[in-house]
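Asks: Here you go, one structure.
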Amino acid sequence: MPHLHIKEFKKISLPQKDDAVAFHFMAHNVHHKDEYLIATEVEGEEFFLLVKDDEKRVLLKTDKLTRPASIHNVHRALLGYAKMAGLDIIASNVPEGGKNVHLQEATALKKIEYFAQEFPKDREVRIEVGFGSGRHLLHQAAQNPDVLFIGIEIHRPSIEQVLKQIVIQKLDNVMVLDYDARLFMELVPSNLVGAIYVHFPVPWDKKPHRRVISTNFIKEARRVLKVGGTLELRTDSENYYAYSYETFIAFDKIMLHINKNKDIAVSSKYEDRWKKMEKNIYDVIMTNDEVSEPLVIEGDFDFDEVTKGEDELLALHNETIRFEGGFIHFERVYKLEEGIMLRVSMGSFDRPEHLYIIIKNKEARYFPELPLKSYANIKAHRVLNEVFHG
């Protein structure tokens, strides 16, 4: 993660702007005096820079919850604040050069709001979860120019590598998203997708709840797949294969096809390595044979007037509220120059969303963007609104 190791953190008067980098306000963690969040905006992307100031070192880096799609914008923000505040930089992994020429031309990287506002439905869609080096994603896109490919990945170097190749290969049918694939599936329209590829996912043997393949993921896959569409798992992990097979076969009705050590048109560098090691590779392919009901989610994320006082809101720190199908946990509380801010996790138990809520002059709003419009998040918002309303 890009960061600056600085001698001493210095505050600047806010708001302040230099070129295309703007800093709007600062939030102070009430229970951890060594933590600050700086609201930042670069080319329309809003996010937080995080200051961690302990006895050993002071770090300035991007906040994981709000990190922007463009890593270049993170670099600009870090260097921009350091320049404005006159920070003494001890060490840095932030490049000071300009943006890669291919990344300057890249338009394939999208934010979740792009899909939430109006999901592209003018052609068949195929989704790859965790595309890694991008070999399979790029090959499929080149071979199927009339299909829209959506690649989901959270590893930033992999994302930038694929964005460069999209420009170099002049592919206009690929979109890239840095987001939790399990949440993303909840906003995909029904009966639209031709294939979902989950190739060599992290096995998460010690944290199975983080696995991509789950009962809920399979349910969403069956809903979004058109008749004849497939969910394709490919793994070298015998544990993941066995777990996934048991998860698939637990459904009352399902169509599965199993392959072992089957060659495919293009393989990843990791697959090439595992084949040399003579590791077994397993494919579990589920074919959808049913038409699903259209996706309809009613509700919004508007707040009523907040009637609870500031002390009552700050006292929510570390509280958890459970309801049928989900929960709300108040992770951290922050003081602003005017108002307060809460960091919460909310939604379903196995795929919660983490976000910030700013409360000022009895008005509450999510920052920097709204939650994903899912059944669990809508229900959590209604509960949250009741909490704020007293």
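Asks: So is Ala364 modelled with pLDDT of 95 or more, surrounded by fewer than 17 Cβ atoms within 10 Å (Cβ to Cβ) and closer than 21 Å to Leu37 by Cα or not?
Replies: no
Asks: Shifting gears a bit: Quick test for you: out of Leu183, Leu177, pick the one residue that is closer than 18 Å to Ala106 by Cβ, among the hydrophobic types (A, V, I, L, M, F, W, C) and either in contact with a strand residue (DSSP E or B) (Cβ under 8 Å, 6 or more places away or on another chain) or modelled with pLDDT of 95 or more (or both).
Replies: Result: Leu177 is the single residue among Leu183, Leu177 that is closer than 18 Å to Ala106 by Cβ, among the hydrophobic types (A, V, I, L, M, F, W, C) and either in contact with a strand residue (DSSP E or B) (Cβ under 8 Å, 6 or more places away or on another chain) or modelled with pLDDT of 95 or more (or both).
Asks: I've got another one for you. Since Lys206 meets every condition but one in (1) modelled with pLDDT under 95; (2) under 15 Å from Arg351 (Cβ atoms); (3) not β-branched (Val, Ile, Thr), which condition does it not meet?
Replies: Exception for Lys206: condition (2).
Asks: For residues in region 259-311 being among the basic types (Lys, Arg) and over 30 Å from Glu369 (Cα atoms), which is farthest from the chain's Cα centre (by Cα)?
Replies: Restricting to residues being among the basic types (Lys, Arg) and over 30 Å from Glu369 (Cα atoms), the top hit is Lys276.
Asks: So is Lys121 closer than 30 Å to Gly299 by Cα and either in contact with a strand residue (DSSP E or B) (Cβ under 9 Å, 6 or more places away or on another chain) or in the same structural domain as Pro352 (by TED's automatic domain parsing) (or both) or not?
Replies: no
Asks: Got a sec? Which strands (runs of 3 or more DSSP E) wholly within region 1-85 have at least 3 residues that are modelled with pLDDT of 90 or more?
Replies: It comes to 3-6, 21-29, 35-42, 45-53, 58-62.
Asks: For region 192-213, what are the residues that are of a type outside the set (A, V, I, L, M) and under 17 Å from the mean Cα position of the chain (by Cα)?
Replies: Matches in region 192-213: Pro201, His209, Arg210, Arg211.
Asks: Checking Thr62 against (1) under 15 Å from Met341 (Cα atoms); (2) surrounded by 13 or more Cβ atoms within 10 Å (Cβ to Cβ), only one condition comes out false. Which one?
Replies: The single condition Thr62 does not satisfy is (1).
The values are calculated or read from the model by the stated rules, or taken from the named source; none is laboratory data. Remember, it's a predicted structure, so these values are computed and weren't measured experimentally. For neighbour counting, all protein chains shown are included, and Cβ atoms are generated from backbone atoms with ideal geometry for every residue, glycine included.
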